[in-house]
Each structure stands twice: as structure tokens, then as C-alpha cells.
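Read the structure below first, then the notes.
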Amino acid sequence: MTVRTATLIRTTDRARLDAMCASGLDWLMLDGEHAAVGPAEITRMLDGVAKRVPCFVRVRALELAQITHALAHGADGIIVPNVDTPWQAKESVRMVHESPWPSAAVVVQAESAEAVRNISEIVAVPGIEWVLIGPYDLTKSLGIPEQFDAPEFDTAVREIEVACAAADVPVGIFGMTQERVAPYIKRGHAQVVVGIDRPA
């Protein structure tokens, strides 16, 4: 299995973007959700990368204006955070597929107990490229913030993995270090996001 590796990008500094493009990463995740990154910063990031490496933009929320802005400036895919229901998954796909850039990838984040409960229905939505697990928000939702070795977290992740495998939808996860994501690579995760270029 081929594993594609990315890192989370919050900088607009051209030299740092150049370094990321030359680092050998398979793709870059541009963070428009948690950081002080708005449409102008997303534009500068995409312009700085200039298609040298595929870029997926995590939007702040499931909003058409944010999605279309990222796509209009060259994003290869959209990552929608906090997708808890099949309706949100369907809307994520619809907003991309009905845009002038319908071939862009749609990735949904599973990062809550509700998402875990609904994961079989979420991954059944046609057009979902893959699912990205958000461990920080998921552990918080489970009442065990940042306890990534807790059995409850492992059970939730495995439920997502099983549903994704049954639907033939790839799964991925974020971790701050390569050591944190290594066990999930062994478990078949096709996409991993490792670390952040700078704090929020």
C-alpha cells in the first residue's frame, strides 16, 4: 500500500513554502480552520506553492464561499472539518461537484463521537475521496482530551477504519510526530498528516 504524507501549513512565508515544496512531501494541508488564516492568506499560500505540490485546503467550516475561494485559487482538494452527519457529507460533495472545479477532491474529517456513530452512513456518500481523523477534537468529544493511547480513542478509530474499509474509502490521520502516526500506517491508513509548520 502506498502511504501519502503531508504536513499542516499555516505560513505564508515564501521561503518556508519553497522549503516545504522541496521536502519530498506528497501533498500539503493548508490550514484555514484553526489558525489565523483567512482567504487572503490561503491565496498567498496557493500562489507560493504554485502547483509544485498538491494542496488541500482545510476550510474553516462547511461554507460555499470558503470552498469556492480555495478552488478558484488552485486548491487540488477541500478538507471539510467537523463532518458529523451524512447530510454534511453530501453538502461537502455537492458544493465541490457543482462548482466550476468539480474534479477537486473532497475529504471529510471525522472528529467527534457523533461522526463515529454516523461513520457508515458518511462514507456511503458518493464522492468522498477519503476520511481524515482529527484526533485532538475526537478525544475531546469522547471526554478524554489528548489521551491518544486511551482504549476509548482506539475503539473509535477502529470503528472509523472498519467503516472505511467496508465502503472502500481510504482513511488517514493527523499526528504531531512520525512516531504518533506510525501505528496507523501499519493499520492501513493511506494518508497521514505529520506535524505543523508553526503554532496557531
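The values are calculated or read from the model by the stated rules, or taken from the named source; none is laboratory data. Only a predicted model underlies this, so the values are computations on that prediction, with no experimental measurement involved. Don't worry about glycine lacking a Cβ; one is built from the backbone with ideal geometry, like all the others, and counts go over all protein chains shown.
Checking each residue in the stretch 60-80 for being in contact (Cβ under 8 Å) with a residue 40 or more places away in the chain and surrounded by fewer than 21 Cβ atoms within 10 Å (Cβ to Cβ) picks out only Asp76.
Restricting attention to the stretch 21-37 and to residues that are of a type in the set (A, V, I, L, M, F, W, C) and at pLDDT 95 or above, the residue that is farthest from the chain's Cα centre (by Cα) turns out to be Ala22.
Just wondering, is there one or more residues in the stretch 174-184 that are hydroxyl-bearing (Ser, Thr, Tyr) and in a loop (DSSP other than H, G, I, E, B)?
Yes, the conditions are met somewhere in the stretch 174-184.
Pairing residues of the stretch 179-200 that are under 23 Å from Gly32 (Cα atoms) with residues that are at pLDDT below 95 and among the small types (Gly, Ala, Ser), at Cβ distances under 6 Å and at least 6 apart in sequence or on separate chains, gives Ala200/Ala35. Cβ separations smaller than 7 Å between residues 6+ apart or across chains give the following pairs from the stretch 28-50 residues that are surrounded by fewer than 17 Cβ atoms within 10 Å (Cβ to Cβ) to residues that are outside any loop (DSSP other than H, G, I, E, B) and not β-branched (Val, Ile, Thr): Pro39/His69.
Beta carbons closer than 6 Å, at least 6 apart along the sequence or on distinct chains, pair a first residue in the stretch 132-152 that is part of a helix (DSSP H, G or I) with a second that is crowded, with 19+ Cβ neighbours inside 10 Å and among the polar types (S, T, N, Q) for Ser141/Ser112. Is it true that Arg94 is without any contact (Cβ under 8 Å) to a residue 12 or more places away in the chain and of a type in the set (Lys, Arg)? Yes, satisfied.
One residue stands out among those in the stretch 87-102 that are surrounded by fewer than 23 Cβ atoms within 10 Å (Cβ to Cβ) and within 17 Å of the chain's Cα centre (by Cα): the one that is farthest from Gly32 (Cα to Cα), which is Lys90.
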